[in-house]
Structure formats: structure tokens, C-alpha cells
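Read the structure below first, then the notes.
Only the coordinates and a few stated rules stand behind these numbers; no lab work does. Just so it is clear, the structure is predicted and the values come from calculations on it, not from any experiment. Neighbour counts are summed over all protein chains in view; Cβ atoms, including those assigned to glycine, are modelled from backbone coordinates with ideal geometry.
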Amino acid sequence: MITRDQIRELAQLEDQHSCALSFYFQPTPPRNKAHKEEVILVKDLAREAWRSLESKSSESKNNGKCESARADLDRIVRLSQDLRGNGSHAKAVFACSAQNFWREYDLPAQLAATQLFVDRHFHLKPLARLLGAFPSLGIVLVDRHRARLFDLRLGELTEREGFFHPLSRRGRGDGFAGYDGGHAERRVADEARQHFKHLAEFLKDALDKGMFEKWILGCQDAHWPQFEAQLHPYVSQRLLGRFSADVARTGREEVRSEAERIFADSQNKLRDEAVHETMNQARSNGRGVTGLRRVLHALELGEVQTLLLGDNYSAQAVECAGCGHLDAHLVHYCPACGRATRTVVDVAEAILPWVIRRDIELFYVKDNAEFDKVGNIAALLRFRSEAGTRARPVAAKSADYSPSPRARLVGRYRGIATGA
Ligand SMILES: [Zn+2]
């Protein structure tokens, strides 16, 4: 499965000859001839991609520059023939052999469709959606002397075996007979506190190291206040929710369904709050902007904290071939540097590499009339630059905003989208 660093790597690649291939393979449910149909579909997609490459290269007099893409397309078709029996997983391939680049990833079989894109950048929208729907979560089951840890990453639940046996270290019960009752009780309480403390430290460390991005707790209500008292504020902040669980008896499926429910609730809430806050800020002329033109401008100024996109939002724009400036007005020459522009068919896709590189929080918004009215694109700003600040081109890597360590901390969960 894919990691955040690998996604960043994908967001970095740019091919001047538009030969970056993104292939998403969604297996069909098993039925007669399904696999044969899949292979035919991939062949058709590859043929179409090749045609569009040929027409682009003859337009731009790049003849021959994209020969390497042909080899990539052939390799993708061959690969799709071998994907039979891989029905439980979807697959993504990112290729640009002109730059010696080939990456394959297994994904949960929840893509919208099998698709193939050829462009200057890799197409990351299906991936962004998927990662928003399946972030990396830690799930911890706790009682006074035991703990279990699960990872839920891209739909796969894994238990870390032998995670915690804190009491066995010091021999629990050792010497009980030799103490009076009060002493033994205090000792048990003290050991429980040590156990919670130890666990709280582990969680802080795990979040710091990026083992997971958020976490969910399963415990008895009675233990929560004691455990909560030991949590670092930063760890508390990343707790998405709690459910009632017995450490020894709770099964995997229960852990999974509770975690998915808590995660979905929390994301819906976050998204609704972000929409509400952005609208309010935009109305008061504060830290919110709506509409493509203003959002692009804010992105170029490095102001955007949270980007909101309509679920099916798509719009044309132009992109400067020289400095990378994106413009909502379909002008032929770049207003920033004067060089020729080219049309970007889907600006919602074109800004994703930028969003990922800059750790901008992204939400896809569905069925929201208020959001629809403002054009299905809006952004909440982290600050507002001085009026008249010159825009930095969206695609210029050298202009990438480096968040302060604190902003990075707050933004750890950014750059991945949440569907409605
Ligand atoms: Zn330009």
C-alpha cells in the first residue's frame, strides 16, 4: 500500500512532453468473461491514450519525444492481463519512462472506474479520494493492565502482536500475600497509572513518528478519566472518538466497524465545519474565498489552509508553459511572464499536485446547496497577504511554501481528501 512520501513523490513529477501516465485499475465483480472485458477495456484505453499523445506531439512538433510512452502503454496492457485473480485489490500504476519512472501500488478495490490518463502530471484525484476515505488510523483497546493495538490503513486492519504486557515486567501479584489489603490496592492503582502513562507515551511517540495520523480508543467508560489524564494534549487532539470495548473479547470485525463509523462521523463533522467556516469568512471578507479565480489566486499566494471542491467540480483554465501560473481567464499569454499558455482541461486535477506538496487540507463537498451557489470551489485561508503582493506561480516548485514546524504539526493530516 502507498505511503504519504510516495504520494508526494508522485506529486513532484512533471513531464514537459505530457507523457506522464496514470493508470487506475478497478477489478469488476467476478462473473463470466469479466476478466476478458477488463483486458479489452484496458487495451481500448491504451489505444485512446496513444492517439491523444500522437495528436499532441504533432501539434507541438514534438515528434518522437513520446515513443517511450508507447512502451509504458504496452507494459500497462501486459500488466492488466496478469491482474486476474487480484480481485480483492485495485491497482494504480504511474509511469514516465522518459524519466525512468515506474511505480505500482495495490489499493482497496473502491475506485470509481478503470481509467488511464496521459498528462504533464500524474492524475491523483482517485488516489486523493481514496486516502481521504481511508486514512492511516491507530486503534487502541485498553483496560487497567492490558492493551491491544490495531492499524487500519487503506481498508486493511492489522493487529500488532505482542503489543503490550507492561505488568508482567514487574510480576503482577508478586508479594500480594505479604501486604495488607490497603497497600495491595494502592499498588494496583499505581501500576494501572503507570500502565496508562506508558501507553500515553507510546501514542505520542507513534504519532510523532507518523505510524498513524489519528487514533481511536476502545475501553470501558470507567477507565477513560484515568487514561485521559495521562494523555499529552497533542495526543488528545488526534483522538477521533471512543467506543466501549473489552480488551480480551472484542473481535476484529467489531474493531473495524466501530473505527470506520467513528472516522466517518468525525470527517463529516470536520467537512461541514470547514464549509460553514469558509462561507462565513468569505461573506465577511475575512479568511475565506470562493470561486475559481479567487481560489487560484490564494493558492498562488500560499494562503490556503483548507481547499473545498464540489464532488464533481470541473472547470477549464489555462496554465503558463513557462512559469506555471494558472489562470481562470482563458488567455493566450501569461499575465505574469508573457509566455504562451496551454489549456488545462480539468483544473480540479491540475491543482492537486500543488495541494499535496503543500500539505493543504482538502475536502470534497457533495450535495450542499450553499456551496453550489458560490461555484463549488472555495478555500479557507491561513492568513491574508498584504494587498498587491505578487502572485507566485502555482506550479513553480522553488516557490513551494515551507510550513513552520508548528504548521506542519497541525497540518499532518492535510493533503488527503475526504469524500462526502
Ligand atoms: Zn508565465
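Details
- Spatial separation of Cα centroids for region 341-377 and region 82-160, in angstrom: 21 Å
- Förster radius 41 Å - calculated FRET efficiency between residue 28 and residue 329 (Cβ-Cβ, nearest 0.05): 0.45
- Residues whose placed amide H lies under 5 Å from that of residue 90, excluding near-sequence neighbours: 107, 109, 110
- Listed values for region 187-193 are Karplus-derived 3J(HN,Hα) couplings in whole Hz (6.51 cos²θ - 1.76 cosθ + 1.60, θ = phi - 60°), namely 5, 5, 4, 5, 5, 5, 5, and x replaces Gly and Pro.
- In sequence order, calculated HN-Hα J values of region 300-313 (Karplus, 6.51, -1.76, 1.60; Hz; x Gly/Pro): 5, 7, x, 8, 7, 9, 9, 10, 10, 10, x, 3, 10, 5
- Taking 7 Å steps out from each Cα toward its Cβ at residue 113 and residue 312 produces label points 1.2 nm apart.
- Close amide H pairs (under 5 Å, H built 1.01 Å from N) link residue 288 with 282, 381, residues at least 5 positions away or on another chain.
- Modelled FRET efficiency - R0 56 Å, residue 369 with residue 67, Cβ distances, 0.05 increments: 0.65
- Karplus-derived HN-Hα couplings along region 138-150 (A = 6.51, B = -1.76, C = 1.60, θ = phi - 60°), whole Hz, x at Gly and Pro: x, 10, 10, 9, 9, 9, 5, 9, 9, 7, 10, 10, 10
- FRET efficiency, 1/(1 + (r/R0)^6) with R0 22 Å, evaluated for residue 52 and residue 82 via beta carbons: 0.30
- Taking amide H as placed 1.01 Å from N in the peptide plane, the amide H of residue 243 sits under 5 Å from that of 217, 218, 219, each at least 5 places away or on another chain.
- Computed P(r) (all Cα pairs; region 213-314; 10 Å bins; percent): 12, 31, 25, 19, 12, 1
- Where trypsin sites (Lys or Arg not before Pro) fall in DSSP loop in region 292-347, at most 13 other Cβ within 10 Å: 339
- Extension gain (nm, one decimal) between residue 74 and residue 384, 0.36 nm per residue minus Cα-Cα: 106.8 nm
- Spin-label zone in region 96-118 - amide nitrogen under 20 Å from a point set 7 Å from the Cα of residue 252 along the C-beta vector: 106-110
- Neighbour-count order for 327, 221, fewest beta carbons within 10 angstrom listed first: 221, 327
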